[in-house]
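Some notes on the structure that comes next.
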Amino acid sequence: MVEPIRKSTREQREEWLRQCHYNVFMLRADQVYIDCITDSGTGAMSDRQWAALMMGDESYAGATSFYRLKETINRITGFDYVLPTHQGRAAENVLFSYLVHEGDYVPGNSHFDTTKGHIESRKAFAIDCTIDEAKDTQLEHPFKGNVDLKKLEKALTEHAGKVPFVIVTITNNTAGGQPVSMQNLREVSAMCGKYNVPLIFDSARFAENAYFIKTREEGYKDVTIKEICREMFSLADGMTMSSKKDGLVNMGGFIATKHEEWYEGAKGYLICFEGFLTYGGMNGRDMDALAVGLDENTEFDMLETRIKQVQYLAAKLDEYGIPYQRPVGGHAIFLDADRILTHVPKEEFPAQTLTVELYREAGIRGCEIGYILADRDPVTKENRFGGLDFLRLCIARRVYTNNHMDVIAAAIKNVYDRREQITRGLKIVWEAPLLRHFTVKLAPAGEE
Ligand code: F0G
């Protein structure tokens with residue numbers, strides 16, 4: 001499918017920014033020229049996926065579409081038990097309802113915001129154990145998504161008896177779409193075994209993770225993506241999945257596990273929150289499209305074409321000297337706003353300011369993955385300024401051409417060239433207590 005192109009003027013965008021309170025989530029899609037807000041559910045389905053839709057079995061119970069999906073998930077992950085959900089956060093909601101309790105601690109590598117939200121809303125705590133190398137955006141490290149084993153061991157010993165599981169996000173979205181090496185997954189799995197704590201993979205971009213293992217890790221050059229996936233998942237007890245990314249569908253998710261008792265424990269919540277066991281919030285036809293998508297996206301050619309496009313954009317930014325999280329990850333470019341808008345104080349949210357500037361410049365919509373997304377500390381209620389402050393520009397799968405990449409790069413360069421003149425950022429006018437970045441209302445910091 002293609003969409004008509006819609007151009008707008010700078011004056012129009014200025015007005016729309018005011019109307020949406022400088023929160024680009026509140027823009028209408030037709031006010032956007034190139035949309036890089038997310039790679040979630042924004043990909044284009046293939047001919048085979050559209051054909052599979054026609055096979056959808058919409059039976060309430062026992063739909064054959066479910067069994068086709070389950071068989072595919074079994075084959076790719078090795079997990080026997082599958083619970084479909086309407087998206088990734090729903091998988092978190094269902095599984096964490098069973099596993100996470102008040103006062104628990106859940107170590108991981110830069111938990112995604114909904115993952116953190118589903119932990120903190122249960123009055124439990126997420127402990128970030130990502131390696132320190134991820135904090136230096138200019139450092140070249142092939143697996144910046146890795147877990148720091150010393151930090152993990154500290155968390156496991158300090159909170160012994162209060163850790164329901166460890167969650168490793170592959171690829172690590174929040175740290176910049178950065179992969180986790182097989183070696184690291186193996187070591188984390190062994191440590192979880194030592195402390196008798198289960199291991200879950202947040203697998204939204206597991207196939208991209210497998211691509212990086214194949215292309216960057218010794219010993220995997222001649223191993224297929226599907227074999228790498230099987231090996232990764234053999235190290236975990238279960239997974240949560242947002243199928244909207246590496247499942248190549250517009251909506252969907254699932255839980256898969258090797259433990260029958262997890263399936264038994266979570267299934268009541270699935271029925272309550274999502275739907276019956278064989279659809280869990282998904283249409284039969286969408287489960288069929290997902291089964292095909294999972295197969296297509298665990299093939300090297302598909303992944304290489306996609307990731308090379310992200311690398312093409314990164315190479316343009318290198319030409320212009322624009323700093324981003326290096327080396328570029330799988331699904332997006334993460335511009336290092338602290339290094340670009342050096343005159344905007346962190347209290348005025350540099351990455352959000354850059355997000356607004358890029359939209360103002362060219363109608364390109366990115367997404368802040370920074371201080372606003374980090375929410376406030378649940379105990380002190382202070383803003384969390386400890387992490388990185390990124391403008392993330394996601395590339396949708398099978399949607400844009402490299403011409404679009406050229407336009408994105410040129411627009412970023414235009415903003416970069418006038419960065420010295422950008423001295424004020426934004427202030428928060430209204431925010432939700434949790435997951436505030438979706439709905440936050442902002443205003444220019446200098447204005448009354
Ligand atoms: N885990 C990771 C690593 C994610 O990136 C996301 C979603 C989720 C879980 C939740 O999945 O959206 O299907 O409920 N990430 C999107 C993003 C929204 O833009 O990065 P969901």
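The values are calculated or read from the model by the stated rules, or taken from the named source; none is laboratory data. What you are looking at is a predicted structure, and each value in this text was computed from that prediction instead of being measured. A quick note on method: Cβ atoms are made from the backbone with ideal geometry, for glycine too, and the neighbour counts reach across all protein chains shown.
State whether the residues of the stretch 370-377 include one that is surrounded by fewer than 15 Cβ atoms within 10 Å (Cβ to Cβ), modelled with pLDDT under 95 and either among the small types (G, A, S) or under 17 Å from L27 (Cα atoms) (or both). If you could, list the steps in order and put the result at the bottom.
Taking the stretch 370-377 first, the residues surrounded by fewer than 15 Cβ atoms within 10 Å (Cβ to Cβ) are 376-377.
Imposing the further condition that a residue be modelled with pLDDT under 95 reduces the set to 376-377.
When the remaining residues are screened for being either among the small types (G, A, S) or under 17 Å from L27 (Cα atoms) (or both), the result is none.
Within the stretch 370-377 (the criterion being surrounded by fewer than 15 Cβ atoms within 10 Å (Cβ to Cβ), modelled with pLDDT under 95 and either among the small types (G, A, S) or under 17 Å from L27 (Cα atoms) (or both)), the answer is no, since none of the residues qualifies.
Within the stretch 379-402, is even one residue surrounded by fewer than 16 Cβ atoms within 10 Å (Cβ to Cβ), of a type in the set (D, E, K, R) and assigned to a helix (DSSP H, G or I)? No, the conditions are met nowhere in the stretch 379-402. When the stretch 5-22 is limited to residues that are assigned to a loop (DSSP other than H, G, I, E, B) and surrounded by fewer than 11 Cβ atoms within 10 Å (Cβ to Cβ), the one that is modelled with the highest pLDDT turns out to be T9.
Could you list, in sequence order, all residues of the stretch 314-335 that are more than 24 Å from D222 (Cβ to Cβ) and buried (at least 24 other Cβ atoms within 10 Å of the Cβ)? Reasoning before the result, please.
First, pick out the residues of the stretch 314-335 that are more than 24 Å from D222 (Cβ to Cβ): 314-326, 328, 331-335.
Answer for the stretch 314-335, where residues must be more than 24 Å from D222 (Cβ to Cβ) and buried (at least 24 other Cβ atoms within 10 Å of the Cβ): Y324, Q325, H331, A332, I333, F334, L335.
One line per residue, one yes/no per condition, for (1) within 16 Å of the ligand (Cβ to nearest atom); (2) over 15 Å from the mean Cα position of the chain (by Cα):
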site: R326; (1), (2): no, yes
site: F334; (1), (2): yes, no
site: D338; (1), (2): no, yes
site: E347; (1), (2): no, yes
site: A351; (1), (2): yes, yes
site: T355; (1), (2): yes, yes
site: A362; (1), (2): no, yes
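Determine, yes or no, whether A155 is under 19 Å from F206 (Cα atoms) and touching a residue at least 24 places away in the same chain (Cβ under 8 Å). It is false that A155 is under 19 Å from F206 (Cα atoms) and touching a residue at least 24 places away in the same chain (Cβ under 8 Å). The combined condition, being surrounded by fewer than 16 Cβ atoms within 10 Å (Cβ to Cβ) and free of Cβ contacts under 8 Å to residues at least 12 places away in the same chain, is fulfilled by E447. A single entry from D295, D301, D338 fulfils the requirement of being surrounded by fewer than 23 Cβ atoms within 10 Å (Cβ to Cβ) and farther than 27 Å from C229 by Cβ: D338. In this structure, K144 qualifies as farther than 14 Å from L199 by Cα, of a type in the set (K, R) and either crowded, with 24+ Cβ neighbours inside 10 Å or within 14 Å of the ligand (Cβ to nearest atom) (or both).
Annotation: of all residues in the stretch 200-218 being in contact (Cβ under 8 Å) with a residue 12 or more places away in the chain and in a loop (DSSP other than H, G, I, E, B), the one that is nearest to the ligand (Cβ to nearest atom) is A204. Of the set (1) at pLDDT below 95; (2) over 25 Å from the mean Cα position of the chain (by Cα); (3) small (G, A, S), all apply to G386 but (2). Scanning the stretch 23-39 for residues that are within 15 Å of the ligand (Cβ to nearest atom), assigned to a helix (DSSP H, G or I) and buried (at least 19 other Cβ atoms within 10 Å of the Cβ) yields a total of 1. The listed residues are E231, E296, E217, and the only one of them that is out of contact with any Cys (no Cβ under 6 Å at 6 or more places or on another chain) and farther than 28 Å from S46 by Cβ turns out to be E217.
Residues in the stretch 170-189 include at least one that is closer than 21 Å to W262 by Cα, surrounded by fewer than 22 Cβ atoms within 10 Å (Cβ to Cβ) and either in contact (Cβ under 8 Å) with a residue 12 or more places away in the chain or not hydroxyl-bearing (S, T, Y) (or both).
Select, from V310, V197, the only residue that is over 20 Å from Y67 (Cβ atoms), touching a strand residue (DSSP E or B) at 6+ places or on another chain (Cβ under 9 Å), of a type outside the set (K, R) and more than 15 Å from the ligand (Cβ to nearest atom). Spell out how you get there, then give the answer.
On the way: V310 fails: more than 15 Å from the ligand (Cβ to nearest atom).
Answer to the check: V197.
Would a scan of the stretch 211-233 turn up a residue that is among the small types (G, A, S), within 23 Å of the chain's Cα centre (by Cα) and under 27 Å from T305 (Cα atoms)? Within the stretch 211-233, not a single residue is among the small types (G, A, S), within 23 Å of the chain's Cα centre (by Cα) and under 27 Å from T305 (Cα atoms).
Report yes if D246 is closer than 24 Å to E92 by Cα and buried (at least 23 other Cβ atoms within 10 Å of the Cβ), otherwise no. In short, yes.
Going through the stretch 238-297 one residue at a time, which ones are β-branched (V, I, T) and away from the ligand (no atom under 16 Å from the Cβ)? Before you say what the answer is, go through the steps one by one.
First, pick out the residues of the stretch 238-297 that are β-branched (V, I, T): 240, 249, 255, 257, 271, 278, 292.
T257, I271, T278, V292, listed by residue number.
When each of L290, L248 is tested for being in contact with an Asp or Glu (Cβ under 7 Å, 6 or more places away or on another chain) and either within 29 Å of T215 (Cβ to Cβ) or part of a loop (DSSP other than H, G, I, E, B) (or both), the lone residue that passes is L248. Could you please let me know if T174 is among the hydroxyl-bearing types (S, T, Y), more than 13 Å from the ligand (Cβ to nearest atom) and part of a loop (DSSP other than H, G, I, E, B)? No; evaluated as a whole, the condition is false for this residue.
Restricting the first member to the stretch 14-40 and to residues that are among the acidic types (D, E), and the second to residues that are surrounded by fewer than 19 Cβ atoms within 10 Å (Cβ to Cβ), the beta-carbon pairs closer than 6 Å and six or more apart or on different chains are D30/R6. Quick check: anything in the stretch 268-279 under 21 Å from the mean Cα position of the chain (by Cα) and either of a type outside the set (S, T, N, Q) or under 27 Å from V166 (Cβ atoms) (or both)? So far as the stretch 268-279 goes, no, none of its residues is under 21 Å from the mean Cα position of the chain (by Cα) and either of a type outside the set (S, T, N, Q) or under 27 Å from V166 (Cβ atoms) (or both).
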